[in-house]
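Visitor: Supplied in structure tokens, the structure appears directly below.
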Amino acid sequence: MRFAKITERLQGLGSDKWAVHIEGKHREARGDKLIFLSIGEPDAAVPEAIMDVAERQMRAGRTRYSNGRGEPQVLRALSAMYSRRTGRHVTPSQFLFLPGTQTALYVAFMGTIDIGDEVLLPDPYYATYEGVIAAAGGVAVPVRADPDRGFHLNAADLEKKITPRTRALLLNTPGNPTGTVFTAEEIAGIGALCRKHDLWIVSDEVYATLTYGNTVFVSPFDDKSLEERTVVVSSVSKSHAMPGFRCGWIAASEEFCEHVLPLSETILFGSQPFLEDATAFALDNEFPEVDAMKVSYERRARALIAGINGSKAVSARMPEGGMFVMIDVRKTGLSGDEFARRLLAEEAVVTMPGESFGEGGAGHLRIALTVDETQIAEAARRIRRLAERVA
Ligand SMILES: Cc1ncc(COP(=O)(O)O)c(C=O)c1O
């Protein structure tokens, strides 16, 4: 049989990135005791009060069809949240409720690019980005972010890669895997560049609530002059430890939402009303568990950095946000991939090689801050031990 081109475009964009994690899972099944730092899945439980709302609403019969935009309650909650954040009125018609940031990314690219269009992608980048760009027929154009500048990129780095086919920039701040948060100045420069070249900005803000120290999260969407060209994608997966709920959204102009509504309708025919109610409740209220989660990620990052600091073979810097730390293993002479494989084989620690996130991640390991401080400190000891053994 003859299959559609999209199936070819998406071939081979996945599993080898996860090879070390998959090997770790095989070993665990055989009885090995390992420390898993490979997957960015929050280890905290969903706040009890949110679980109660989901359950209550399901039992109350909120189990019928919804619609392609989302239930009025959740659109109102999003409108209130983004109006607070931006300081201007963001209307409920500026949102589409979708199953997670991942689906929102898919809709964002299906709505902005055509076959052969180029998308600028700061490198290293989140593992599914190449896939969502390729699904829409686009060409990902990686722009190397310098690890020695904390993976910060500025407009000048991006401008060199712009061609007549460039249509969009995919921004992820706070970044996965980098932990980098773009400053207001950087966002202003990037925004000016996108205005000049008439580019869309797809802004993945799934880690927006997780910033550390004095770092402030800044979104291009919050600048009124960039609103029409910015498509924010986000969710409660990380902020409220609810990845399995698959509750996310797009925030954009009314015009954008109007244009892509048929896409959402044809993919989904609406999300689950009881989960939309739970999301509305999550966004309308504050939860001690959510604050505690952020505090614990920050503590874990500090414990990891403290364990690595002072080594001549490896180094790491405190992330500005998100739930990952990049460890620089270049001085060992091993690639990130070789180091991650040896770390699993010799020290029973499972990490992601930086190369899984593009060439820009070469010579690094990505550590997910999803285990407690004691285990993180133990993992740091083992990483350091391996690095110093091979360096
Ligand atoms: C940068 C980034 N974007 C999107 C996602 C997917 O998020 P969601 O669960 O909301 O689909 C992740 C998940 O790890 C991520 O790290």
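Visitor: I want to confirm something. Restricting to the stretch 246-274 and keeping residues that are among the aliphatic types (A, V, I, L, M) and open to solvent by less than 20 Å² (accessible area, probe 1.4 Å), which single residue is farthest from the chain's Cα centre (by Cα)?
Guide: Ranking the qualifying residues of the stretch 246-274, first place goes to V260.
Visitor: Among (1) closer than 30 Å to S253 by Cα; (2) without any contact (Cβ under 8 Å) to a residue 60 or more places away in the chain; (3) open to solvent by 50 Å² or more (accessible area, probe 1.4 Å), there is one condition D52 misses while meeting the rest; what is its number?
Guide: Here D52 meets the rest and fails (1).
Visitor: How many residues, within the stretch 240-270, are within 16 Å of the ligand (Cβ to nearest atom) and modelled with pLDDT under 95? If you could, list the steps in order and put the result at the bottom.
Guide: Of all residues in the stretch 240-270, those within 16 Å of the ligand (Cβ to nearest atom) come to 240-251, 264, 267-268.
Cutting the leftovers down to modelled with pLDDT under 95 gives us 264, 267-268.
Selection size over the stretch 240-270: 3.
Visitor: Mind listing whichever residues of the stretch 1-35 are surrounded by 14 or more Cβ atoms within 10 Å (Cβ to Cβ) and small (G, A, S)?
Guide: If the condition is that a residue be surrounded by 14 or more Cβ atoms within 10 Å (Cβ to Cβ) and small (G, A, S), then A19, G24 are the ones that fit.
Visitor: Out of the residues in the stretch 90-144 that are assigned to a strand (DSSP E or B) and among the acidic types (D, E), state the one that is farthest from the ligand (Cβ to nearest atom).
Guide: Residue satisfying both the conditions and the ranking: E118.
Visitor: May I pose another question? Among the residues of the stretch 154-177 satisfying the criterion of being assigned to a loop (DSSP other than H, G, I, E, B) and either under 17 Å from the mean Cα position of the chain (by Cα) or among the acidic types (D, E) (or both), which is farthest from T351 (Cα to Cα)? Can you show your working first?
Guide: We begin by selecting, within the stretch 154-177, every residue assigned to a loop (DSSP other than H, G, I, E, B); these are 154, 160-165, 173-177.
Next, from what is left, pick out any that are either under 17 Å from the mean Cα position of the chain (by Cα) or among the acidic types (D, E) (or both): 173-177.
On the way: T173: 22, P174: 20, G175: 17, N176: 14, P177: 12 Å.
Among residues in the stretch 154-177 that are assigned to a loop (DSSP other than H, G, I, E, B) and either under 17 Å from the mean Cα position of the chain (by Cα) or among the acidic types (D, E) (or both), the one farthest from T351 (Cα to Cα) is T173.
Visitor: Additional query: With respect to A345, determine if the residue is assigned by TED's automatic domain parsing to the domain that holds A29 and within 24 Å of the chain's Cα centre (by Cα).
Guide: So A345 fails the test.
Quick grid of which residues meet (1) under 30 Å from A292 (Cβ atoms); (2) out of contact with any strand residue (DSSP E or B) (no Cβ under 9 Å at 6 or more places or on another chain):
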| site | (1), (2) |
| --- | --- |
| L37 | yes, no |
| M58 | yes, yes |
| R85 | yes, yes |
| H89 | no, yes |
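Visitor: Is at least one residue of the stretch 40-48 within 24 Å of G322 (Cα to Cα), open to solvent by 60 Å² or more (accessible area, probe 1.4 Å) and in contact with a strand residue (DSSP E or B) (Cβ under 8 Å, 6 or more places away or on another chain)?
Guide: yes
Visitor: For the list (1) assigned to a loop (DSSP other than H, G, I, E, B); (2) within 16 Å of the ligand (Cβ to nearest atom); (3) not assigned by TED's automatic domain parsing to the domain that holds L261; (4) not acidic (D, E), I need the number of the one condition that G70 fails.
Guide: All conditions pass for G70, except number (3).
Visitor: Which condition number in (1) part of a helix (DSSP H, G or I); (2) aliphatic (A, V, I, L, M); (3) touching a residue at least 40 places away in the same chain (Cβ under 8 Å) is the one that A345 fails?
Guide: (3)
Visitor: What tally of residues in the stretch 199-245 results from selecting those that are open to solvent by 30 Å² or more (accessible area, probe 1.4 Å), under 27 Å from A301 (Cβ atoms) and touching a residue at least 24 places away in the same chain (Cβ under 8 Å)?
Guide: Of the stretch 199-245, the ones open to solvent by 30 Å² or more (accessible area, probe 1.4 Å) are 200, 209, 213-218, 222-225, 228, 238, 243-245.
Of the ones still in play, those that are also under 27 Å from A301 (Cβ atoms) are 209, 213-218, 222, 238, 243-245.
Pick out the ones that are also touching a residue at least 24 places away in the same chain (Cβ under 8 Å) and you get 209, 213, 215-218, 222, 238, 243, 245.
So the count comes out to 10.
Visitor: Shifting gears a bit: With modelled with pLDDT under 95 and within 16 Å of the ligand (Cβ to nearest atom) as the only criterion, which of I50, I39 stands out?
Guide: Result: I39 is the single residue among I50, I39 that is modelled with pLDDT under 95 and within 16 Å of the ligand (Cβ to nearest atom).
The values are calculated or read from the model by the stated rules, or taken from the named source; none is laboratory data. Bear in mind that the values here come from a model prediction, so they are computed numbers and not experimental data. Here the Cβ is made from the backbone with ideal geometry for all residues, glycine too, and neighbour counts use every protein chain on show. Heads up: the accessible areas ignore ligands, DNA and RNA and are worked out on the full protein's heavy atoms, side chains in. Shrake-Rupley method; radii C 1.70, N 1.55, O 1.52, S 1.80 Å.
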